[in-house]
Structures are given as C-alpha cells and as structure tokens.
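The values are calculated or read from the model by the stated rules, or taken from the named source; none is laboratory data. Predicted model only: the values in this text are computed from it and were never measured. Cβ coordinates were reconstructed from backbone atoms using ideal geometry, including for glycine residues, and neighbour counts include every protein chain displayed. Calculation scope for accessible area: heavy atoms of the full protein, side chains included, ligands and nucleic acids excluded. Shrake-Rupley method; radii C 1.70, N 1.55, O 1.52, S 1.80 Å.
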Amino acid sequence: MSLRKLALFDLDHTLIPMDSDHAWGEFTMALGWVDPEEFKRQNDAFYTQYINGTLDIAAYVRFSTAAFCQQGREKSMAAHTQYMHQVVHAMIRPQAVELIRQHQAAGDDTIIVTATNEFVTRPIAKIFGVDELIAVDLERDTTPGSEGWFTSTIRGTPSFRDGKVARIQAWLAARGLQWDQVHTTFYSDSINDLPLLEKVDVPVATNPDKRLRAVAEERGWRILELF
C-alpha cells in the first residue's frame with residue numbers, strides 16, 4: 001500500500017521573500033497604531049532573536065498581536081485587506097506557487113506550517129491555494145458582550161521549533177494517522193525549523209539561512225533556491 005504524501009511548507013522566506021509578521025508590524029506602524037520608534041526597536045530586536053534561534057515565542061506574540069487585538073475585528077480586517085494588496089501580493093513569486101501546484105497535482109496533502117499567527121497568515125495561505133494552515137493560534141475574548149476577537153495569548157501549542165513537530169503529530173492523529181503511515185517532505189529556510197526537518201522523510205533547505213545551509217550541506221540535504 002502506498003503511503004499518503006504530505007508536502008509541508010514554512011511560509012516566511014520560504015514561500016515568500018519576506019517575514020510576513022515583521023512586515024505586518026511595519027504596516028501597522030505606518031497606520032499609526034503603534035509608537036513608531038519604540039515599536040521598530042522592539043520589532044527589530046525580536047526579529048534578530050528569531051534569526052539567531054533565541055526567540056521567546058510567547059513574548060513575541062504578545063508584542064506582535066497587541067495592536068490588532070486592541071483595534072478590534074472591523075478595523076483589523078480592513079487593515080489586513082490593505083496589507084495584502086499593498087505588501088503581500090507583490091511578494092508572491094510564480095515559482096513558489098508552481099512548487100505547491102506540483103505537489104497538489106501529484107495528489108499530496110499541502111500544509112503551510114508557520115510560526116506566524118493565524119490572523120496574519122490565513123489570507124496568505126489562501127493566495128497559494130492551501131487550505132490547511134498550521135499557524136500560531138490565538139485565544140479569543142469570550143467575556144459577555146465581547147465580539148469574540150483575538151487576544152494576545154497563544155492557544156495550545158505554538159507552531160514554533162519543536163512545536164511544529166507536535167502540531168503535525170496532532171494533525172496526523174486527528175486523521176487516524178501515524179508518522180510511519182505517511183511520506184513527508186518539508187521546505188524551510190530557517191534553522192528554527194531543524195526539529196521538523198530532522199523528523200520528515202525529505203527535508204528541503206529552501207532559500208536557507210546561513211546556519212541551516214551549513215547543516216544541509218553537512219547532511220547532504222537538498223538545497224532549493226526559489227528566490
């Protein structure tokens with residue numbers, strides 16, 4: 001019996017040549033939702049931590065989601081539509097779309113697995129035609145009279161580092177599957193994704209950062225330059 005095939009994709013710097021969360025932060029700064037100087041300082045500091053593999057994901061999510069959580073559903077959704085038109089669409093590369101289409105045409109399950117929150121990334125996943133998104137999920141405000149909008153608290157296991165392995169494990173379990181019943185390919189640019197890259201059958205270092213490139217070269221992993 002042939003194994004069910006899963007094609008897993010990181011998002012930022014893998015499918016798109018930018019960090020969608022960092023760019024969203026810059027966008028909200030331009031909207032006047034945050035203090036520009038202080039926000040940029042903290043945003044850049046967190047991004048450096050991410051690149052270095054030292055990011056405190058809970059602290060970062062509290063920081064990066066605060067503005068849209070405070071603005072509420074209507075303003076945030078309208079702003080995100082602007083963000084998609086003004087920033088994201090220009091970053092969609094045909095070769096990235098084609099990579100996903102190739103896997104879909106082969107009958108593979110395609111899943112985007114990102115450490116960026118669900119609010120920022122779900123519309124981006126839809127552009128790529130990927131329905132299955134594993135992102136950092138957020139709690140919602142359930143107090144009486146609230147609109148049920150997002151809060152800055154992570155819900156469940158964040159899809160970051162080892163958390164990506166745990167979230168894929170949960171995805172499989174929900175479908176009655178185990179790792180040995182699927183054939184998995186994972187595309188990622190980041191050393192932060194090493195746990196999942198080591199777990200899958202076919203790791204593909206995609207536009208890899210310096211540290212991941214070194215690991216890929218040492219282990220003989222495929223290196224893909226999409227951009």
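Helix 210-219: angle to the longest alpha-carbon principal axis of the chain, degrees 0 to 90, nearest 10?
Approximately 10 degrees, to the nearest ten.
Work out, step by step, the length gained on full extension between residue 59 and residue 3: first 0.36 nm times the residue separation, then minus their alpha carbon distance; give nm to one decimal. Can you show the working numbers first?
Working: separation 56, 0.36 × 56 = 20.16 nm, distance 3.90 nm.
Fully extending the segment from residue 59 to residue 3 adds 16.3 nm.
Which one, 90, 105, 117, is farthest towards the positive end of the dipole of the range 77-138 when Lys and Arg carry +1 and Asp and Glu -1 on their Cβ?
90
Run the numbers for residue 102 and residue 227: contour at 0.36 nm per residue of separation, minus the present Cα-Cα distance, in nm.
Roughly 43.3 nm would be gained on extension.
May I ask you to work out the translational diffusion coefficient for the range 16-97 at 4 °C, viscosity 1.567 mPa s, via Stokes-Einstein with Rh from the Kirkwood sum over Cα pairs, reported in whole µm²/s? Don't skip to the end; give the middle numbers.
Working: Rh = 13.6 Å.
Answer, rounded: 95 µm²/s.
Calculate one ³J(HN,Hα) per residue across the range 77-93 by plugging θ = phi - 60° into the Karplus curve 6.51 cos²θ - 1.76 cosθ + 1.60, and present them in order as whole Hz with x for glycine and proline.
So the J values, rounded to whole Hz, are 5, 5, 5, 5, 4, 4, 4, 4, 5, 8, 10, 6, 4, 5, 9, 7, 9.
Considering every Cα-Cα pair within the range 112-227, what fraction, in whole percent, is farther apart than 24 Å? Provide the component values of the computation, followed by the final result.
On the way: 2266 of 6670 pairs.
Summing the P(r) of the range 112-227 above 24 Å gives 34 percent of all pairs.
Describe numerically, in nm with one decimal, the distance between label points set 7 Å from Cα along Cα→Cβ at residue 179 and at residue 86.
Distance between label points: 4.4 nm.
Report, to the nearest whole %, how much of the accessible area of the range 93-221 belongs to carbon and sulfur atoms, 1.4 Å probe, protein only.
Working: 2670 of 5770 Å².
With neighbouring chains kept in place, the figure for the range 93-221 is 46 percent.
What percent of all Cα-Cα pairs in the range 40-155 falls in each 10 Å bin, counting up from 0?
Distribution as computed: 12, 35, 36, 15, 2 percent.
For the chain, what proportion of DSSP beta bridges, expressed in % and rounded to the nearest 5, is antiparallel?
On the way: 2 of 24 bridges.
Percent antiparallel among DSSP bridges in the chain is about 10.
When the Karplus curve 6.51 cos²θ - 1.76 cosθ + 1.60 is applied with θ = phi - 60°, which whole-Hz ³J(HN,Hα) does each residue of the range 193-206 get, with x for Gly and Pro?
For the range 193-206, the Karplus-derived couplings read 8, 4, x, 6, 4, 6, 7, 6, 6, 10, x, 10, 6, 10 Hz, x marking Gly and Pro.
Counting helices only, and only those DSSP H runs with n ≥ 4, report the 222 nm mean residue ellipticity of the chain as the sum of -39,500 (n - 2.57) divided by its residues, in deg cm²/dmol to the nearest 500.
-14500 deg cm²/dmol, from helical runs alone.
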